[in-house]
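Student: Sending over a structure as structure tokens; questions will come in a sec.
Coordinate-derived values only; no laboratory data. Quick caveat, the model's predicted, so the values are computed rather than measured. Cβ coordinates were reconstructed from backbone atoms using ideal geometry, including for glycine residues, and neighbour counts include every protein chain displayed.
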Number of protein chains: 2
Amino acid sequence: MPPTRCWRFPRTVPLPETTRNNILRYKTKVDKILQAALEQKQYHHAAYDGLEDFVERFGARPSGSDELEDSIDFMKKKAEDDGFRVHTEEVMVPRWVRGEETLMMLSPRQKSMSILGLGTTIGTQQYPGGVLKAEAVVCDSFDEMEKLGEAKIKGKIMVFNAPFGDPMDEPMKRYGASYKYRTSGADRAAQYGAVAVLVRSRTDYSLYTPHGGSQYYGNSTQIPAAAITAEDARIIARHYKKGKTVTLMLKMSAANLPMRKSRNVIIDYGPSDSTELVMLSAHIDSWDVGEGAMDNGGGVFVNYHAVKLLKELGLMPRRTIRVVFWTAEEEGYFGGKEYVKMHEFDISKMQIAIENDLGTFRPVGLRAKGSDEAACFVKHTASLLGAINATGASDSPSLSETHLLHDKGVPAAAIDVDQSRYFWYHHTEADTMDALDPHELDLCVATMAASAFVFADVPDRVPR
Amino acid sequence: MPPTRCWRFPRTVPLPETTRNNILRYKTKVDKILQAALEQKQYHHAAYDGLEDFVERFGARPSGSDELEDSIDFMKKKAEDDGFRVHTEEVMVPRWVRGEETLMMLSPRQKSMSILGLGTTIGTQQYPGGVLKAEAVVCDSFDEMEKLGEAKIKGKIMVFNAPFGDPMDEPMKRYGASYKYRTSGADRAAQYGAVAVLVRSRTDYSLYTPHGGSQYYGNSTQIPAAAITAEDARIIARHYKKGKTVTLMLKMSAANLPMRKSRNVIIDYGPSDSTELVMLSAHIDSWDVGEGAMDNGGGVFVNYHAVKLLKELGLMPRRTIRVVFWTAEEEGYFGGKEYVKMHEFDISKMQIAIENDLGTFRPVGLRAKGSDEAACFVKHTASLLGAINATGASDSPSLSETHLLHDKGVPAAAIDVDQSRYFWYHHTEADTMDALDPHELDLCVATMAASAFVFADVPDRVPR
């Protein structure tokens, strides 16, 4: 039996006895959902098979691409065919295209290096022949850059060889502590006169795989920004720290094209007269590399199959379960921001928003973001998942789109998974079906279906 | 105490009581060597630091390159400076250059795919614009290709999506069972009229990393041959097996240039009047990707530091320890073959040849190739390595250059290591210093030094 008082640093938190009992009363129904998800033949590997078909059709789905729009049409039609109430809502999204990109170390020895330009980066078209040749300067942190000062940086290519957070932290925390070098490295380095920025890929393990992702220009001069592999960051840093002159040749033809219309897909399942909502959140767009299978096709298909399972089991919850497939998450939550702007009323009636963007690996429980009372509510819900050994409950450092809802007061949760390999694939060409396991996706469907049903059906509101 | 009779399938094998005792008598000296290698300050991470300096200077060292020749000069000078007897022996080696290479899937959807042309492959220069466009045909095995027949293969690009051996086997055995698709895939597929061959990379894990390696043309028409990632092999195969037409566009500018002079480096340590030899074997060349750190800079530096350790400890063995750095191993043992041709006398006087080409990871013992009696001799020697938990003894499926010596009757052994990640890096851009661990290299030095000393000093000859 879980405690009525949850421990959450730095204090214990009360949960009303009736609320606690109302949650725990779902044990039988939860077990029924888990059993159906994992033992009924028609659900065996259904999410994986659906996702495989999906990525086979559309591949990567970057913001502004035809592939993304086609994949949105496809999911809308799939939900309609399955008898759901579906609609889409328009969102203007950015369209950044990578073009060709090459990096060569010219001295102290020649080496061709793999790169991935960062989202919204400009290219090197303004240089003669479209090629930027410059000396490298290496910093492990913004502090080191500050100490080095403009005189030693001006006209050079800044290489941020920052570690991937603290190795003693969990992967998402390591990412959270260190992605600033990717997102604002160009803006910060430009303030010191750097002509381009190369950022060591954010990962704890590499097989020479560059990791892309978003970056944002601020008020300083826009300079090209790209990720390099952990291996090449080490190689450049090694030469540099020994006092050798490292000369680099960078060529990037990236470009930012006009914004384009895209759509969030919104699927509702619940009584037609219900006004309260439980949201299942996952983004349908991806970066332009790999297949966007793990990030976040997996989330899309797990959430969809979770609500489909509830529907087919005839489990109609008290509240509406709203499955949203966000557009243009990777470039900065364009779909999520538009939703928050347009849905003030929904947001006030939202029971909880459950994110599914930590990778669809083996589920270990739920994460929570919100008041201590809300976290305790989530913890009690997770305690019902003993049959699949997913009763963990932990705080979340960040939760993609549900973070935006949380900022508006909505309690937020997320399906928590074994993330040990998440950042091996994150934003890389290796984000393909090979990163995922069919049975683990079944376990994720079971977790999402059961949790969503409890939150949507329990009489009590999750405390704000 | 190890048994006097060794179990080796399918029977137990005798080892003379005196031989056994003569080997086991080295326990104290072996412990002294292990202790020095691992506890004396000047040896702490010495092999790793030396290797790091080496790859920093020369990077990849493909056959026929200036980098390889410069690295040979460097190691020769290093050994001379350290007071060893050193000489080099000339070898004519091939010079294959990769040039530019791109692969694009045009249908059923567009996807750019990473490739690595295989050593000695021709390019696509003979096609209009240097570009070969053709439909793909996918086979999981040569048997499947045979069943498919020429009519369905002619004019197409053959994609070998063969599994990486049997997952229940150890990595080297999986490789041994399946590298034929890389080495002779082009030759075999050309017999059925294929216009190019793409081979799924030989590995059990991939982060979108293509794995190169050698391939050999036979008597059939020469066609371009390249490796693709495990991910892309799966993607192509998935489309193909569902009956879709997969169209590929391949561009490769690879070329075979005239042979060039290179050298084996031969370092001798032992009494000047000794005629018997113990050979420590490792190749100094690498493929042209990554830094050739694991394959096989690690072997070169471990073997060198092993003999250097013995010299500095003043341990002069009965026989000469000959450290050889082979040239042009990757293209087909050019250095090794020349040595075997030129050294008939040495070979007859060779006690044992110890290979170091399984990756310099945590050592687990010794492998053996030769008579049952020789294997038993090796097993007893490994039994002395208890202090570093490396007493394992196993048969070896293959042993690089020492295999050539074994074919001439020389008993062969190899330092055996934890190979669980070996094929993650093998022949890829990820073969950099990041693949290796400084302490594991120290353990390898300890293992090689101790084993070499026992084999070189024990009164008994290893039975042939």
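Student: Being assigned to a strand (DSSP E or B), crowded, with 20+ Cβ neighbours inside 10 Å and touching a residue at least 24 places away in the same chain (Cβ under 8 Å) is the requirement here; does residue A:93 meet it?
Tutor: Working: assigned to a strand (DSSP E or B): yes; crowded, with 20+ Cβ neighbours inside 10 Å: yes; touching a residue at least 24 places away in the same chain (Cβ under 8 Å): yes.
Criteria met by residue A:93.
Student: What are the residues in segment A:211-235 that are within 11 Å of chain B (Cβ to nearest Cβ), among the hydrophobic types (A, V, I, L, M, F, W, C) and either within 17 Å of residue A:104 (Cβ to Cβ) or over 26 Å from the mean Cα position of the chain (by Cα) (or both), if any? Spell out the reasoning first.
Tutor: Quick first cut of segment A:211-235, residues within 11 Å of chain B (Cβ to nearest Cβ) only: A:211, A:229-235.
After this cut, where a residue has to be among the hydrophobic types (A, V, I, L, M, F, W, C) as well, the list is A:230, A:233, A:235.
Of everything in segment A:211-235, those that are within 11 Å of chain B (Cβ to nearest Cβ), among the hydrophobic types (A, V, I, L, M, F, W, C) and either within 17 Å of residue A:104 (Cβ to Cβ) or over 26 Å from the mean Cα position of the chain (by Cα) (or both) turn out to be A:233, A:235.
Student: Still on this model: I need the full set of residues from segment B:423-464 which are within 13 Å of chain A (Cβ to nearest Cβ) and of a type in the set (S, T, N, Q), in order please. Walk me through how you get there before you give the answer.
Tutor: First, the residues of segment B:423-464 that are within 13 Å of chain A (Cβ to nearest Cβ): B:423-436.
Once the filter is applied, which keeps residues that are within 13 Å of chain A (Cβ to nearest Cβ) and of a type in the set (S, T, N, Q), segment B:423-464 yields B:428, B:432.
Student: Right, here's the next one. Just give me the residues in segment A:434-453 being out of contact with any strand residue (DSSP E or B) (no Cβ under 9 Å at 6 or more places or on another chain) and assigned to a helix (DSSP H, G or I), in sequence order.
Tutor: Looking only at segment A:434-453, we keep the residues that are out of contact with any strand residue (DSSP E or B) (no Cβ under 9 Å at 6 or more places or on another chain), and these are A:434-439, A:441-442, A:445, A:449-450.
Hits for segment A:434-453 are A:434, A:435, A:438, A:439, A:441, A:442, A:445, A:449, A:450.
Student: Of the residues B:383, B:420, which single one is within 14 Å of chain A (Cβ to nearest Cβ), in contact (Cβ under 8 Å) with a residue 40 or more places away in the chain and hydroxyl-bearing (Ser, Thr, Tyr)? If you could, list the steps in order and put the result at the bottom.
Tutor: Details: B:383 fails: within 14 Å of chain A (Cβ to nearest Cβ).
Every option except B:420 fails the conditions.
Student: Further question: Any chance you could count how many residues in segment A:102-160 are within 14 Å of chain B (Cβ to nearest Cβ) and without any contact (Cβ under 8 Å) to a residue 12 or more places away in the chain?
Tutor: Selection size over segment A:102-160: 3.
Student: Among the numbered criteria (1) part of a loop (DSSP other than H, G, I, E, B); (2) within 14 Å of chain A (Cβ to nearest Cβ), which one does residue B:409 miss?
Tutor: Unmet condition: (2).
Student: Could you please find all residues in segment A:190-209 being farther than 14 Å from residue A:224 by Cα and among the polar types (S, T, N, Q)? Quick ask: steps written out before the conclusion?
Tutor: Kept after step one, since they are farther than 14 Å from residue A:224 by Cα, are these residues of segment A:190-209: A:192, A:200-209.
Passing the criteria: A:201, A:203, A:206, A:209.
Student: Now for a different question. Read through the list (1) hydrophobic (A, V, I, L, M, F, W, C); (2) in a helix (DSSP H, G or I); (3) buried (at least 22 other Cβ atoms within 10 Å of the Cβ), then give the number of the only condition that residue A:177 fails.
Tutor: Just one mismatch for residue A:177, condition (3).
Student: Tell me, which strands (runs of 3 or more DSSP E) lie completely within segment B:203-307 with 3 or more residues that are surrounded by fewer than 24 Cβ atoms within 10 Å (Cβ to Cβ) and among the aromatic types (Phe, Trp, Tyr)?
Tutor: On the way: elements: B:225-228, B:247-252, B:255-269, B:277-283.
Hits in segment B:203-307: none.
Student: A further question follows. Hey, among the residues in segment B:283-298 that are among the acidic types (Asp, Glu) and more than 21 Å from residue B:339 (Cα to Cα), which one's farthest from the other protein chains (Cβ to nearest Cβ)?
Tutor: If we filter segment B:283-298 for residues that are among the acidic types (Asp, Glu), which is where we start, we get B:285, B:288, B:291, B:295.
If we keep only those that are more than 21 Å from residue B:339 (Cα to Cα) too, we end up with B:288, B:291.
Working: B:288: 10, B:291: 8 Å.
Across segment B:283-298, the extreme among qualifying residues is B:288.
Student: Anything in segment A:329-356 that is among the basic types (Lys, Arg) and touching an Asp or Glu at 6+ places or on another chain (Cβ under 7 Å)? List them, or say none. Working first, answer last.
Tutor: As a first pass, look at segment A:329-356 and keep what is among the basic types (Lys, Arg): A:337, A:341, A:349.
Hit for segment A:329-356 is A:349, nothing else.
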